[in-house]
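Student: Quick one: the structure is below, questions incoming.
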Amino acid sequence: MKITGVRTTLYVHQLSRRMGDANSPSGRVRGTNCAVELETDEGLTGIGLGGGGVRLQVQGLVEGLLKGQDPRRGYGLWQRMVDKHFKGGHDGLINDAISVLDMALWDLKAKANGEPLWKTLGGSRTKALAYASGIESPLSDQQMHEWYTQMAGQYGFKGGKLKVGLDQDADLRRLGLMDQALRRATDKPMLLIDANEYWSPKQAIRKVREMEERFDLGWVEEPARRWDFLGLKRVSEGVRTAVCAGENLDTLGDFLPYFHHRCADVIQVSYGMTGITGALALADAAYGYELPVTLGGSPGNIHAHLATVMPNFMCLEVVDPEPGDGVFNSDVKIVDGWAVPGERPGLGIELDREALATQAVDRVPPGAGPSPFGRRKGAGLYEVPPTPAELAEAAKGVER
């Protein structure tokens, strides 16, 4: 089997709800993805889904390195892609391109085997503990409570993650509402919070300590800047709650300070960290330090496949329990709060050609990229509550 070429399609999709965090309390209603189809001379196609800005990098890597190669030799091809960009570093867009191509290579290998990816990986578990992630800052208290109530009642989620950071009184109130909603599924919900790097270490310690007086928190995610490993360590030592970090790092090298200084208690891992191959390597490194890993949100909840082979796996993030964005569907199902990968060969992702053609665009529209508003004013210095204009925009919901 040989790789013959690649097709890339940039498309826009409607989000299931308005999503935002401490950096973007007004939220966004659209997202952008790039569908990458790695073609072979045997008629099999590997599917990868990644960021909107990677088309040129993907095409360059395929033409320069992957074309004519056997896609089943994924580890070696991954190393070639990484080595190609060692001088400038393989962070940023190159990392995103390698990630989506590595995803497609694993999809191809499992399809060539005629089995789902979790079996090709050698998974011994058939399901992965999951938690509901609302990314719900723009939602009203009532909307947020209704969403987590649905997650607990319809899908059995026993844990949830709340976006926090801009208003401590509101955060405490909404934590109580999320806790109440999740009690439809369990007497002891797993309560997680995520500040998205908005706080300084001192701010984080003060805020989390107050929350701990009322709630048993599973972790606080990104309580300080991603590269402030000494600040993260300070937070970890200053609160009872575990510090979870790493979501916005790209490579194993980025994580070395976390491991060496033990500044994160839970390591975030994702296929976006130089691909599925990179995610597996990161999980192994964390395992060597006796650190648990959590898998972040993923298209089609494909991280459920990876969870089956990670001995230190803790739980995975589910943003949408019905995986798919109108352009693709996935056979990963949420059953009683667990993500269960199916038997469809490969990643279990299928593209809807008609929808893909309808939603295709030439460039990422304003406001449809990840975190389109950047880092919020005052982050790590002083608090800037949501403005009236942001509150008015959030109140629009998903209607345009």
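Student: Hey, could you check region 134-146 for residues that are outside any strand (DSSP E or B) and closer than 22 Å to Asp216 by Cβ and say which is nearest to the chain's Cα centre (by Cα)? Step through it out loud before you land on a result.
Tutor: Going through region 134-146, the residues outside any strand (DSSP E or B) turn out to be 134-135, 137-146.
Filter once more, so that each one left must be closer than 22 Å to Asp216 by Cβ: 134, 141, 144-145.
Details: Gly134: 12, Asp141: 24, Met144: 20, His145: 22 Å.
Among those that are outside any strand (DSSP E or B) and closer than 22 Å to Asp216 by Cβ, it is Gly134.
Student: Which of the residues spanning region 50-61 are surrounded by fewer than 24 Cβ atoms within 10 Å (Cβ to Cβ), more than 30 Å from Trp199 (Cα to Cα) and in contact with a helix residue (DSSP H, G or I) (Cβ under 7 Å, 6 or more places away or on another chain)? I'd like the intermediate steps shown before the answer.
Tutor: Initial filter on region 50-61 (surrounded by fewer than 24 Cβ atoms within 10 Å (Cβ to Cβ)): 51-53, 55-57, 59-61.
Subsequent filtering for residues that are more than 30 Å from Trp199 (Cα to Cα) retains 55-57, 59-61.
Across region 50-61, the qualifying residues are Gln57, Leu61.
Student: Among the candidates Leu129, Leu139, Leu61, which residue alone is modelled with pLDDT of 95 or more and more than 30 Å from Thr186 (Cα to Cα)? Spell out how you get there, then give the answer.
Tutor: On the way: Leu129 fails: more than 30 Å from Thr186 (Cα to Cα); Leu139 fails: more than 30 Å from Thr186 (Cα to Cα).
It is Leu61.
Student: So, of the residues in region 76-117 that are surrounded by 15 or more Cβ atoms within 10 Å (Cβ to Cβ) and aromatic (Phe, Trp, Tyr), which turns out to be farthest from His305 (Cα to Cα)?
Tutor: Trp78
Student: I would also like to ask the following. Taking the criterion of being over 18 Å from Ala195 (Cβ atoms), within 21 Å of the chain's Cα centre (by Cα) and buried (at least 19 other Cβ atoms within 10 Å of the Cβ), would at least one residue in region 259-268 satisfy it?
Tutor: no
Student: Given the residues Asp336, Asp320, which is the only one that is modelled with pLDDT of 95 or more, surrounded by fewer than 20 Cβ atoms within 10 Å (Cβ to Cβ) and within 20 Å of Arg17 (Cβ to Cβ)?
Tutor: Numbers: Asp336 fails: within 20 Å of Arg17 (Cβ to Cβ).
Sole residue among the options that is modelled with pLDDT of 95 or more, surrounded by fewer than 20 Cβ atoms within 10 Å (Cβ to Cβ) and within 20 Å of Arg17 (Cβ to Cβ): Asp320.
Student: Can you tell me which residue is modelled with the lowest pLDDT among those in region 100-126 that are farther than 30 Å from Gln150 by Cα and among the polar types (S, T, N, Q)?
Tutor: Across region 100-126, the extreme among qualifying residues is Ser124.
Student: Let me ask something else about it. Is there a residue being modelled with pLDDT of 95 or more and of a type in the set (A, V, I, L, M, F, W, C) anywhere in region 85-94?
Tutor: The initial filter retains those residues of region 85-94 that are modelled with pLDDT of 95 or more, namely none.
No, region 85-94 has no match at all.
Student: Can we say Pro386 is of a type outside the set (A, V, I, L, M), surrounded by 15 or more Cβ atoms within 10 Å (Cβ to Cβ), more than 24 Å from Asn33 (Cα to Cα) and modelled with pLDDT of 90 or more? Let's see the steps before the verdict.
Tutor: Values: of a type outside the set (A, V, I, L, M): yes; surrounded by 15 or more Cβ atoms within 10 Å (Cβ to Cβ): yes; more than 24 Å from Asn33 (Cα to Cα): yes; modelled with pLDDT of 90 or more: yes.
Taking the combined requirement at face value, the residue satisfies it.
Per-residue answers, yes or no, for (1) crowded, with 21+ Cβ neighbours inside 10 Å; (2) in contact (Cβ under 8 Å) with a residue 12 or more places away in the chain; (3) of a type in the set (Val, Ile, Thr):
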{"position": "Ala132", "(1), (2), (3)": "yes, yes, no"}
{"position": "Ser137", "(1), (2), (3)": "yes, yes, no"}
{"position": "Ser140", "(1), (2), (3)": "no, yes, no"}
{"position": "His145", "(1), (2), (3)": "no, yes, no"}
{"position": "Gln150", "(1), (2), (3)": "no, no, no"}
{"position": "Gly153", "(1), (2), (3)": "no, yes, no"}
{"position": "Lys158", "(1), (2), (3)": "yes, yes, no"}
{"position": "Lys161", "(1), (2), (3)": "yes, yes, no"}
{"position": "Leu166", "(1), (2), (3)": "yes, yes, no"}
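Student: While we're on this one: Just one of (1) closer than 22 Å to His303 by Cβ; (2) touching a residue at least 60 places away in the same chain (Cβ under 8 Å) trips up Val54, so point out which.
Tutor: Just one mismatch for Val54, condition (2).
Student: Sticking with this structure for a sec: Quick one: in region 287-309, which of the residues that are part of a loop (DSSP other than H, G, I, E, B) and in contact (Cβ under 8 Å) with a residue 40 or more places away in the chain is surrounded by the most Cβ atoms within 10 Å (Cβ to Cβ)?
Tutor: First pass over region 287-309, keeping only residues part of a loop (DSSP other than H, G, I, E, B): 289-292, 296-298, 302, 308-309.
Adding the requirement that they be in contact (Cβ under 8 Å) with a residue 40 or more places away in the chain leaves 296-297, 302, 308-309.
Working: Gly296: 20, Gly297: 16, Ile302: 27, Thr308: 20, Val309: 18.
By that ranking, first place goes to Ile302.
Student: Just a yes or no: is a residue in region 19-32 farther than 22 Å from Gly134 by Cβ, surrounded by 18 or more Cβ atoms within 10 Å (Cβ to Cβ), in contact (Cβ under 8 Å) with a residue 12 or more places away in the chain and of a type in the set (A, V, I, L, M)? Write out each step before concluding.
Tutor: At the first step, the residues of region 19-32 found to be farther than 22 Å from Gly134 by Cβ are none.
No, the conditions are met nowhere in region 19-32.
Student: Go through region 161-191 and report how many residues are of a type in the set (S, T, N, Q) and touching a Cys at 6+ places or on another chain (Cβ under 8 Å).
Tutor: Number of matching residues: 0.
The values are calculated or read from the model by the stated rules, or taken from the named source; none is laboratory data. Remember, predicted model here, so these are calculated numbers, not experimental data. Every residue, glycine among them, receives a Cβ derived from its backbone with ideal geometry; neighbour counts consider all protein chains shown.
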